[in-house]
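Right, one structure below, let's go through it.
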């Protein structure tokens, strides 16, 4: 009599390695990514060679090529931007103000705004630039 | 006689849902992230910087006027960024405390101002100020 051998049960493929890889990728993106409010309009920062590393945090004022303004990603007029920064400065006096101006923005839109922000008491105002030769 | 009921084997927690969540989060971060290489240039003078700012009253300042077309002028003469850089370097070599003062036109672009600041910094200046004229009735 010939006895039929039971077919071997196929062992399921282990998914532990997959979970590890996915988890590492997730942690990687979480660590290197910085959540930042983008401007509601196109902003191409000016090129500069001598810029230093941009620290995180703070408030971001975006200036478009035509002089449009945005505070932390929301469009705002000049008065709203200044009042928003003033209230933020009362909570955090050493608040970093990042001015993200389009490279084609005329200085009449930028310099008076920076002077007004400085007059509010901001001591740390930086201009966002892209590393590169102008 | 008391019969002991055998314990049912502990059920394994399924990992499939966790993997699904991880995968969705991963795809979310991959799709929504934009990677920008950004630097910064200081625009306001900090208190500690102003205390240590060189360029006392004895140092003669170099005034650069930035025209609306982005061309820098020194004493009425137009300069390219290269010639301006060498001019600043010469002045800074003669007197390291030479302050550079930039008077930009309101119609000049942000890029032209940043390029000028870049040139001055590369030429070795440690004191750079931007001044602007305000029209008041």
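Would a scan of the range A:4-24 turn up a residue that is under 24 Å from residue B:68 (Cα atoms) and assigned to a loop (DSSP other than H, G, I, E, B)? Steps first, answer last, please.
Residues of the range A:4-24 that are under 24 Å from residue B:68 (Cα atoms), as a first pass: none.
No, that holds for no residue.
Name the one entry in A:108, A:78, A:98 that is surrounded by fewer than 21 Cβ atoms within 10 Å (Cβ to Cβ), within 23 Å of residue B:131 (Cα to Cα) and within 12 Å of chain B (Cβ to nearest Cβ).
A:108
Among the residues of the range B:98-129, which ones are assigned to a strand (DSSP E or B) and either within 7 Å of another protein chain (Cβ to nearest Cβ) or farther than 23 Å from residue A:105 by Cβ (or both)?
Hits for the range B:98-129 are B:104, B:109.
Taking residue B:55 and the conditions (1) more than 8 Å from every other protein chain (Cβ to nearest Cβ); (2) surrounded by fewer than 12 Cβ atoms within 10 Å (Cβ to Cβ); (3) modelled with pLDDT under 80, which numbered condition does it fall short on, given that it satisfies the others?
Unmet condition: (2).
Spot the failing condition for residue A:70; the list is (1) within 14 Å of chain B (Cβ to nearest Cβ); (2) crowded, with 18+ Cβ neighbours inside 10 Å, and only one is missed.
Here residue A:70 clears every test but (1).
Given the conditions (1) more than 8 Å from chain B (Cβ to nearest Cβ); (2) modelled with pLDDT under 95; (3) within 20 Å of the chain's Cα centre (by Cα), which single one is not true for residue A:128?
With respect to (1) more than 8 Å from chain B (Cβ to nearest Cβ); (2) modelled with pLDDT under 95; (3) within 20 Å of the chain's Cα centre (by Cα), residue A:128 is out only on (1).
From the list A:22, A:63, A:114, exactly one residue is surrounded by 12 or more Cβ atoms within 10 Å (Cβ to Cβ) and either closer than 24 Å to residue A:133 by Cα or touching a residue at least 40 places away in the same chain (Cβ under 8 Å) (or both). Which is it?
A:63
Let me confirm something: among B:133, B:116, B:128, B:103, which residue is under 17 Å from residue A:114 (Cα atoms) and touching a helix residue (DSSP H, G or I) at 6+ places or on another chain (Cβ under 9 Å)?
Answer to the check: B:128.
The values are calculated or read from the model by the stated rules, or taken from the named source; none is laboratory data. Being a predicted model, the structure only gives us computed values, none of them experimental. Cβ coordinates were reconstructed from backbone atoms using ideal geometry, including for glycine residues, and neighbour counts include every protein chain displayed.
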